[in-house]
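A.B. asks: My questions all concern the structure below.
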Amino acid sequence: MPWTVCDAMSERREFVALAGAEGANVSELCRRFSISRRVGYKWLGRYEAEGESGLAERSRRPRRSPQPPPEAMEAKVLELRQAHPAWGGRKLRRRLSDLGQEAVPAASTITEILRRHGRLDEAESASHKPFTRFERAAPNDLWQMDFKGHFAIEQGRCHPLTVLDDHSRYALELAVPASRYAASPRAFPEVLAPIEYAPELAVRKVRDKGELSYQGRTFKLPKAFKGYPVALRPTVHDGELDVLFCQHVIARLNPRVPETNSRASLNGRRQREGASVLSREPDELTTLGVTHVPAHL
């Protein structure tokens with residue numbers, strides 16, 4: 001007895017016949033015929049709309065075939081590329097649109113024009129690997145801040161700080177920032193609210209030169225906190241206190257360290273030892289009563 005030959009058309013007929021039976025489970029039938037549910041429902045929909053003829057394969061030819069760009073447009077692309085050899089398809093397309101050209105082809109088509117006329121170095125193109133860009137979906141989702149190194153100016157040296165919004169910064173490449181503007185969901189009051197701490201915490205105001213007084217002792221903090229209130233919070237280590245600025249820990253104090261951390265004691269010790277406080281090693285900060293300063297300060 002010869003083997004039964006099954007083609008795609010016969011399997012589709014069997015599939016829709018079994019699916020039309022009372023109590024049929026379409027998902028189970030799809031697993032049995034090794035097709036996805038999306039494909040299974042596609043054939044059921046075609047059979048319901050067109051009958052058995054709907055189960056036949058349809059032409060995969062595109063409904064519209066792209067037409068090559070006019071020779072005049074190709075000439076403008078090549079002319080602009082000649083003036084700017086480093087520009088690629090996207091930049092050329094944007095520039096042609098800005099110049100008022102109509103029916104500017106897609107960036108991929110412009111790239112193909114350059115390749116067809118030998119304006120692309122294939123080896124050079126292959127050497128450039130795509131890199132990951134971090135772009136958030138909306139403004140103010142994430143900002144990046146970075147120092148870019150200092151340089152000399154007339155008044156001294158400038159230390160530029162760059163602040164980038166991970167959404168709108170990419171608009172600088174292909175669109176003006178105003179076209180990507182959105183109102184910030186955060187409120188930015190002109191006057192900041194006063195800094196408040198929990199009532200059980202001891203609060204001290206940082207004096208000039210970053211000095212902090214606690215239990216008759218003077219401790220040193222970064223001068224950036226001059227004039228601001230900070231709070232002292234006990235830690236799990238007996239006798240040690242975290243110094244808080246708002247919700248951030250900026251230092252750790254240990255008042256039980258021998259009293260060598262007051263300014264008077266420091267001056268007297270410096271005179272006796274002939275050593276500068278600035279010459280102390282970082283691990284000796286504990287002897288000044290400050291046992292830890294975060295690296296970002």
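A.B. asks: Is at least one residue of segment 5-22 open to solvent by 70 Å² or more (accessible area, probe 1.4 Å) and under 41 Å from the mean Cα position of the chain (by Cα)?
C.D. replies: no
A.B. asks: Hey, can you tell me all the residues within segment 191-222 that are more than 14 Å from Val243 (Cα to Cα) and either among the basic types (Lys, Arg) or in a strand (DSSP E or B) (or both)?
C.D. replies: Selection gives Arg207, Lys209, Arg217.
A.B. asks: Quick one: is Val104 outside any loop (DSSP other than H, G, I, E, B) and either open to solvent by less than 90 Å² (accessible area, probe 1.4 Å) or of a type outside the set (Lys, Arg) (or both)?
C.D. replies: no
A.B. asks: What do you reckon, is Arg186 among the basic types (Lys, Arg), at pLDDT below 80 and out of contact with any Asp or Glu (no Cβ under 7 Å at 6 or more places or on another chain)? If you could, list the steps in order and put the result at the bottom.
C.D. replies: Numbers: among the basic types (Lys, Arg): yes; at pLDDT below 80: yes; out of contact with any Asp or Glu (no Cβ under 7 Å at 6 or more places or on another chain): yes.
Taking the combined requirement at face value, the residue satisfies it.
A.B. asks: Can you pull out the residues in segment 152-169 that are open to solvent by 60 Å² or more (accessible area, probe 1.4 Å) and in a strand (DSSP E or B)?
C.D. replies: Ala152, Ile153, Arg157, Leu161, Val163, Leu164
A.B. asks: Select from segment 114-166 the residues that are at pLDDT below 80, farther than 26 Å from Gly88 by Cβ and β-branched (Val, Ile, Thr) and list them in ascending order.
C.D. replies: Correct list: Val163 only.
A.B. asks: Next question, about the same structure. Could you run through segment 40-58 and say how many residues are of a type outside the set (Lys, Arg) and farther than 15 Å from Ser10 by Cα? Outline the logic, then answer.
C.D. replies: Taking segment 40-58 and keeping what is of a type outside the set (Lys, Arg), we get 40-41, 43-45, 47-57.
With farther than 15 Å from Ser10 by Cα added as a condition, the list becomes 41, 45, 48-50.
Total satisfying the criteria: 5.
A.B. asks: Which one of Arg64, Arg95, Arg116 is open to solvent by 90 Å² or more (accessible area, probe 1.4 Å) and in contact (Cβ under 8 Å) with a residue 12 or more places away in the chain? First the steps, then the outcome.
C.D. replies: Working: Arg64 fails: in contact (Cβ under 8 Å) with a residue 12 or more places away in the chain; Arg116 fails: in contact (Cβ under 8 Å) with a residue 12 or more places away in the chain.
Every option except Arg95 fails the conditions.
A.B. asks: Please go through segment 210-235 and give me each residue that is closer than 14 Å to Tyr197 by Cβ and exposed (fewer than 14 other Cβ atoms within 10 Å of the Cβ), ordered by number.
C.D. replies: Correct list: Tyr228, Pro234.
A.B. asks: Return the residue satisfying two criteria in turn: it lies in segment 50-68 and is over 38 Å from the mean Cα position of the chain (by Cα) and within 30 Å of Leu96 (Cβ to Cβ), and of such residues it is modelled with the lowest pLDDT.
C.D. replies: Only one residue fits best here, namely Ser65.
A.B. asks: Next question. Does segment 132-139 contain at least one residue that is open to solvent by 80 Å² or more (accessible area, probe 1.4 Å), in contact with a Pro (Cβ under 6 Å, 6 or more places away or on another chain) and not in a strand (DSSP E or B)? Please lay out each step first, then the result.
C.D. replies: Going through segment 132-139, the residues open to solvent by 80 Å² or more (accessible area, probe 1.4 Å) turn out to be 132-137.
Add one more test, that the residue is in contact with a Pro (Cβ under 6 Å, 6 or more places away or on another chain), and what stays is none.
Within segment 132-139, none of the residues are open to solvent by 80 Å² or more (accessible area, probe 1.4 Å), in contact with a Pro (Cβ under 6 Å, 6 or more places away or on another chain) and not in a strand (DSSP E or B).
The values are calculated or read from the model by the stated rules, or taken from the named source; none is laboratory data. This is a predicted model, so every value here is computed, not measured. Heads up, the Cβs are rebuilt from the backbone with ideal geometry, glycines too, and the neighbour counts pull from every protein chain shown. Accessible surface areas use protein heavy atoms only, side chains included; no ligands, DNA or RNA. Shrake-Rupley method; radii C 1.70, N 1.55, O 1.52, S 1.80 Å.
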